[in-house]
Amino acid sequence: MALDSRLEIRLLQKLILTPQLQQAIKLLQMPQIELSQSITNELMENPFLEEELSEDSFSAGQPENENTVSEAEPEDNQYEDAEAPLEKLMGVSVDDYFEERGFDGRDLGYFTPGNVDQPSFENFLSKNGDDLQEHLIWQLRLTPATDRDKEIAEAVIGNLDENGYLQASDEEIAATAGCTPEEAAKAVTLVQGFDPNGVGARGLKECLLLQLDALELRGTLVESLIQNNLEDLERRRYPQLARQYSCSTEDIMNAVKVIEKLEPKPGRNYSSASPVYITPDVYIVKTDTGYNIVLNDEGLPRLRLNNIYKKLFSQKGTLSKEEKSFIEEKLRSAVWLLKSLDQRNKTIYRVAECILTFQREFFDRGVRFLKPLNLRDVATELKMHESTISRATSNKYLSCDHGLFCLKYFFSSGITGGEGMVSSTSVKDLIKRLVAEEDPKKPLNDQDIVKLCQANKIEIARRTVAKYRKELNIAPQNRRKRYD
């Protein structure tokens, strides 16, 4: 087979996303926190961008518009002192400034040979509290054990998860600490005696049994139930357990009350993780004349083009070819970012406005009046692609009088009802309310819930009720039954 080279002309059609379009799509699907971080990174990398200060965000007499970015014009004398000495601009000499700020002997973020022993300001940052490992290490230091035992116990503490469970075997701990499995087992027993009770266990059963030592309940009915009948307790088979142990149901219930007060995750009270709060992207505020849609831009830097570099761009004749190329690239990037952010705000606003139109009864009357809605309905109404609507609603939250909801919450399938189609979200809310109002001693089974839904003119199958119940994390009938 002969090999040769030749030229060919082919006509192809391809859909190629430009980097600018990729950036716009990426910004559209970003949640509030990620968007703020992305804008901050662009501010650091692109000299054409600067954050607009609050005092000069809007000119006098100009109405505020959240979807526009103002660009203040440079004044004639704005940069005439740009090359003035630092002392003239600050009104004080540099040496006097740092001497005054460091009068108490602490360093200001840089190394000072004469004040090596002085603590820095960063050493006084507040902390939520000790985490689990620090709490256990503190107890280990107060334990009258040998240095070798403490060293092995530190290896045990290092293998605890956030809930306080030991995630390594004695052999693995021995390999890590360079000891025998017997010494590792001794160290595990040492750590299991620390506070909180139950720490260092390798499973739920061992965790609960360790807590019985502190309560002095070894050898009782409580220990027998934990040792042999955890699955029966989960399924609330109290009459069968009473027959098994030849006691009354009341005795079983008293033992269950003790078990319920034990801590299945002893380490969670020492978690150092900070809570993550959801920031709504859209507010829908009810007024006397209807509803107002407000986009949340709190925490987002307001951007505008830097006047210094705009002025520099107008003097391209004094720049080299590389400098011109760099400036033009950064200017295009900055302008496209501003346009992408503006387009993102407009898209989210239009989607929220469309949701308000389709789900008006929800905003007026509550969750039970939510209607079936899919992405295609909104895409058709706004003349956009479904993927655009999906990106605009991903990880976005809406705040209204009824609470804080993910935008995806308003999209749900439909179930046949007495007055047309009913949203599956409304049906789930009905099931949740029926279970909350049931008699704990005679809880509803899935067929009972079907009949009550039919009484509310909702046609639903039993398997659908079971599916929705699992999605709502509602236990089956036998696990919800109370005997006290």
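Structure notes:
- Calculated FRET efficiency for the pair Val276/Ala145, C-beta based, R₀ 51 Å, to 0.05: 0.85
- In this simple spin-label model, placing a label point 7 Å from the Cα along the Cα-to-Cβ direction at both Gln20 and Phe326 gives a separation of 2.3 nm.
- Dipole size of the range 132-270 about its Cα centre, with +1 on Lys/Arg Cβ and -1 on Asp/Glu Cβ: approximately 520 debye, rounded to the nearest 20.
- Largest to smallest principal axis extent of the C-alpha atoms in the range 287-382, angstrom: 67, 30, 20
- Gain upon complete extension [Asp342, Thr180; 0.36 nm per residue less C-alpha separation]: 51.8 nm
- Straightening the chain between Lys310 and Ala214 buys 27.3 nm, computed as 0.36 nm per residue apart minus the Cα-Cα spacing.
- R0 of 51 Å, Cβ-Cβ distance Asn456-Gln240: FRET efficiency to nearest 0.05: 0.90
- Selected from Ser387, Leu370, Leu303, residue furthest toward positive end of dipole (the range 282-410; charges at beta carbon): Leu303
- Spin-label model, Leu12 to Glu51: label points 7 Å out along the Cα-to-beta-carbon direction sit 4.5 nm apart.
- Across all directions, the average flat footprint of the convex hull enclosing the Cα atoms of the range 414-480 is 4.0 nm².
- Across q = 0.10, 0.13 Å⁻¹, the range 132-270 modelled as identical point scatterers on its alpha-carbon atoms has Debye log10 I(q)/I(0) values of -0.39, -0.61, in the order of the q list.
- Nonlocal amide H pairs with Arg302, under 5 Å, H built at 1.01 Å: Glu52
- Reducing the range 439-484 and the range 336-397 to their Cα centroids gives an inter-centroid distance of 33 Å.
None of the figures in this text is laboratory data; all of them are computed from the coordinates on show. Remember, it's a predicted structure, so these values are computed and weren't measured experimentally. Reconstructed Cβ throughout: ideal geometry from the backbone, glycine too, with neighbour counts over all protein chains shown.
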